[in-house]
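Notes for the one structure printed next.
The numbers here are math on the coordinates, done by the rules we state, and not lab data. Being a predicted model, the structure only gives us computed values, none of them experimental. Backbone-built Cβ (ideal geometry, glycine too); neighbour counts: all protein chains shown.
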Amino acid sequence: MATLLNMEGISQRVTALKRFVLLIGDAGAVLARLSGSHVESHAYMCGTIEDNVRQVKAALDAFPRLPVVILFDVLGQAYRRDRLPPVNMLDRPKIMARKLETLFPGTELKGGLRLGVSEGELRGFDYLFAAVTPSPEVTPWQKMLAQIENPVSDVRLLPVESVQLLQRLMNKSKGTENRHGQWNILISQHRTGGFRQIVTRDHRLAIARMTSGFVDIDSAQEIISLLQREIGATIDYITRLGFDRAEGLNAIFVGRGDIGAALKNAQLPVRNLTVMNPAEAEIIAGVSGTRDDSGHFADLLHAAWGGSRVFPALSLWPLQKRRQRMQTLGQTWGTRALAAASVVAMIYGANLAWNIHGAEAEYIKVEAGRAALQQAYDAEVSKLDAGPIPISSMREIITIHQQLTNADVDLTPLFTAVGGALSDHARLSAIKVQIDSSLPGIALEPPTDNPIAPEPEAAPVKGTILLTLDLSSFRNAEHAVGETDRLANVLTQTFSTMQTTVISQPLKILPADTFSVKSGENVLAFTGEKRVAEIKLSGRFK
Amino acid sequence: MTDRTAMQSSPTQGFAIAIVIFGLIIGACYGYLIPELDRYQQMTDAARDATINVNVQMGDLRTRAARDSVDRNKYELLVKDGFLGQQDRLNAARILETLRVKHRISGLEYQIDAVQKNPVLRQSGETSAEVNSSKITLNIRCFLDDDLRDFILAVKNALPGHVSVAAMEIVKLTPPSDELLLDISRGGASELISGTVELQWQVVQHIKQEAGL
């Protein structure tokens with residue numbers, strides 16, 4: 001409950017609901033204009049009831065859109081405690097209405113407060129049913145409610161609503177204890193009535209008594225003696241309800257200071273008595289502006305407390321009208337919420353529109369960049385094929401040239417090697433080179449787009465080289481043959497890809513030759529023979 | 001009572017109007033503005049992707065252009081070297097005569113055979129160029145074998161197009177006897193070397209495609 005109160009207080013401060021609270025008592029009425037839980041202005045009407053109604057109507061007409069909460073504090077209040085059977089939530093209002101009609105037939109202002117689960121064997125919930133019975137003091141006010149333009153938010157009972165005020169004051173007062181079954185009493189001095197007594201047990205309303213007729217008495221002593229009797233009567237009454245005098249009663253008095261001081265000295269039959277004026281009480285209660293001209297009447301304190309509550313403890317306003325009011329309120333607040341949401345949505349929409357504007361500009365910029373780049377790309381592409389012939393044809397010609405170059409043989413290394421290997425006694429009389437031409441086989445490989453692809457391997461170039469050596473300087477055939485072999489060995493090492501063969505020696509000593517020597521002939525002395533050797537190299541030049 | 005009814009209908013009307021206005025705004029936001037924003041963002045993203053793509057293609061293109069430039073230079077060198085076109089035999093005769101004198105070739109006979117046309121085949125079987133090849137046979141007589149080798153090398157370099165040696169035979173005519181050496185020392189000219197060289201003279205010629213093919 002404390003959490004609910006806190007939340008209610010927060011919502012009151014945040015929303016600062018403006019409303020009228022009309023506290024109707026037997027001796028008059030007070031109309032207060034609230035902003036949240038702050039009393040902005042107030043007016044007491046203590047004349048005849050007709051005058052009071054007229055003044056209130058005039059005051060309400062000045063602000064016809066402000067809702068009004070009616071708070072009854074008249075003698076004609078009826079309370080019943082009864083049990084309702086356990087029914088589902090949908091059926092509960094019907095059962096409640098039937099019960100109220102049974103308890104208070106013909107009464108318009110009636111309602112119920114759920115107290116808790118029933119004790120005993122019968123299942124159900126205990127309810128406190130209350131009504132304002134029709135009377136000449138109440139009926140004009142009821143008629144007025146049908147005539148005013150101001151929407152009626154709720155009709156409440158002061159004793160029921162102020163139970164939580166008593167709880168708040170009791171919790172913050174020093175020396176008081178909160179025990180199970182604790183009895184508390186709030187005595188407050190009202191200008192619109194007299195002395196209101198609200199007695200609670202376990203913070204639930206036990207009884208409420210109004211002692212009127214004090215308006216004309218000014219003497220504190222007389223008031224004290226009267227109050228002593230009234231409080232004594234109250235204690236007698238609650239004793240019948242189970243109050244144990246030994247446990248005592250916590251009491252709070254809100255009213256005139258001299259009466260409070262006298263009450264302290266009067267040894268009331270209470271355990272703790274806390275005396276405060278409305279200004280002190282409003283600080284504890286969390287309301288403000290409740291101090292009137294006199295400084296001691298608690299009407300405004302109760303009006304601010306009971307009228308500012310968003311969730312009343314007990315509403316007497318007929319269910320149909322309450323629903324109608326809730327619907328109106330829902331629509332009003334829904335309209336406001338929708339208006340606020342529309343503003344937020346408009347801001348969101350404006351933000352989206354701004355983003356679209358930015359996105360459009362960004363798109364135009366990016367697209368222009370892309371188009372320019374594409375144009376540059378197209379220009380580069382068109383340049384690629386510029387020239388006398390297509391680049392592919394150029395590459396074909398380059399490839400053909402490369403193939404021809406690969407097939408070409410440089411004979412300089414041959415001449416160098418042979419020249420370097422010949423000894424002083426041997427001379428080259430002839431050299432014959434035959435290179436196999438690969439001309440008819442020229443063909444193009446498919447083009448490759450990979451610039452780092454390896455060059456295709458060149459086709460081997462084959463051929464033969466025939467060297468004819470003049471060995472006439474040699475007088476010894478063995479030396480000439482040796483020279484031929486030596487030169488062949490050098491050529492074998494130099495031209496490793498070719499096969500070197502000695503095909504003719506100065507003497508017919510090769511396996512294919514027929515070697516014949518006549519009697520007395522010295523073959524090694526080289527007589528009359530042509531001293532020539534031939535070396536053939538065949539195979540790959542490269 | 002009429003006033004109260006009017007007052008009760010006022011919040012209802014206001015609520016209805018507020019709902020309509022709110023609905024219109026939300027409808028405009030979610031029905032038009034958000035899809036429009038999404039559309040522009042998607043178009044922008046697509047344009048960015050396309051830009052990146054073109055940039056990548058541009059990079060490839062530059063690489064290709066650099067490669068093409070290298071190949072163009074090679075091609076221009078080949079053109080300059082006379083590798084493209086027809087064989088100019090008159091010019092070849094002039095070059096051979098010039099080189100003969102320069103390299104002290106005492107006797108030069110040569111024969112340039114008729115052109116053999118070898119089409120260059122692509123993988124697809126198409127032909128866009130042909131190699132015009134002529135065999136040049138040189139019969140040379142000279143004093144030193146170095147002169148002969150230099151002459152052949154010079155012919156290879158000087159003739160336009162590509163020239164390669166297909167066959168070569170160098171034969172010493174006379175062994176250097178004492179009398180021959182004495183004659184040479186007195187200034188007597190003598191041919192000591194005879195050579196026969198077969199060269200392949202090759203140039204490339206484009207085959208122009210007929211229109212419509």
Let me spell it out: the conditions are (1) out of contact with any helix residue (DSSP H, G or I) (no Cβ under 8 Å at 6 or more places or on another chain); (2) without any contact (Cβ under 8 Å) to a residue 12 or more places away in the chain, and residue A:325 meets all of them except one. Which number is the exception?
(2)
Restricted to region A:503-542 and to residues being surrounded by fewer than 17 Cβ atoms within 10 Å (Cβ to Cβ) and hydrophobic (A, V, I, L, M, F, W, C), the residue nearest to the chain's Cα centre (by Cα) is A:503
Return the residue satisfying two criteria in turn: it lies in region A:28-72 and is among the basic types (Lys, Arg) and outside any strand (DSSP E or B), and of such residues it is nearest to residue B:11 (Cα to Cα).
A:65
Lone qualifier among B:170, B:140, B:152 - being β-branched (Val, Ile, Thr), closer than 16 Å to residue B:109 by Cβ, facing chain A (nearest Cβ under 9 Å) and part of a strand (DSSP E or B)
B:170
All positions within region B:28-49 that are of a type in the set (D, E, K, R) and at the interface with another protein chain (Cβ under 7 Å from one of its Cβ atoms)
B:36, B:48
Leading residue by the ranking (surrounded by the fewest Cβ atoms within 10 Å (Cβ to Cβ)) among those in region A:306-330 that are of a type in the set (Ser, Thr, Tyr) and assigned to a helix (DSSP H, G or I):
A:328
Subset of region A:99-117, residues farther than 20 Å from residue A:156 by Cα and assigned to a helix (DSSP H, G or I), comes to A:102
Can you confirm whether residue A:300 is touching a residue at least 60 places away in the same chain (Cβ under 8 Å), closer than 22 Å to residue A:43 by Cβ and not small (Gly, Ala, Ser)?
yes
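Scan region B:80-102 for residues that are assigned to a helix (DSSP H, G or I) and more than 21 Å from the chain's Cα centre (by Cα) and report the count.
Here the count works out to 14.
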Checking residue B:187 against (1) within 12 Å of chain A (Cβ to nearest Cβ); (2) part of a loop (DSSP other than H, G, I, E, B); (3) of a type outside the set (Val, Ile, Thr): exactly one of these is not met. Which one?
(1)
Hey, can you tell me all the residues within region A:68-101 that are under 45 Å from the mean Cα position of the chain (by Cα), surrounded by 20 or more Cβ atoms within 10 Å (Cβ to Cβ) and free of Cβ contacts under 8 Å to residues at least 60 places away in the same chain?
none
Among B:77, B:61, B:24, which is the only one that is in a helix (DSSP H, G or I), out of contact with any helix residue (DSSP H, G or I) (no Cβ under 6 Å at 6 or more places or on another chain) and under 30 Å from residue A:400 (Cα atoms)?
B:77
Does residue B:81 meet the test of being acidic (Asp, Glu), in contact (Cβ under 8 Å) with a residue 24 or more places away in the chain and either more than 9 Å from every other protein chain (Cβ to nearest Cβ) or closer than 28 Å to residue A:393 by Cα (or both)?
yes
Please identify the pairs in which a residue from region A:217-228 that is over 17 Å from residue A:257 (Cβ atoms) has its Cβ atom under 9 Å from the Cβ atom of a residue that is in a helix (DSSP H, G or I) and not hydroxyl-bearing (Ser, Thr, Tyr), counting only partners at least 6 apart or on another chain.
A:228/A:263
Hits in region A:383-425 (condition: more than 9 Å from chain B (Cβ to nearest Cβ), in a helix (DSSP H, G or I) and within 30 Å of residue A:472 (Cα to Cα))
A:413, A:414, A:416, A:417, A:418, A:419, A:420, A:421
Looking at B:25, B:19, can you tell me which residue is surrounded by fewer than 17 Cβ atoms within 10 Å (Cβ to Cβ), under 30 Å from residue A:325 (Cα atoms), at the interface with chain A (Cβ under 7 Å from one of its Cβ atoms) and in contact with a Ser or Thr (Cβ under 9 Å, 6 or more places away or on another chain)?
B:19
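Got a number for residues in region B:108-128 being away from chain A (no Cβ under 14 Å) and loosely packed, with under 12 Cβ neighbours inside 10 Å? Even if it seems obvious, please write down each step before you answer.
Taking region B:108-128 as the starting set, the residues that turn out to be away from chain A (no Cβ under 14 Å) are B:108-112, B:114.
Pick out the ones that are also loosely packed, with under 12 Cβ neighbours inside 10 Å and you get B:109, B:111, B:114.
Looking only at that region, the number is 3.
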Go through region B:50-78 and report how many residues are more than 9 Å from chain A (Cβ to nearest Cβ), closer than 27 Å to residue A:366 by Cα and among the β-branched types (Val, Ile, Thr).
2
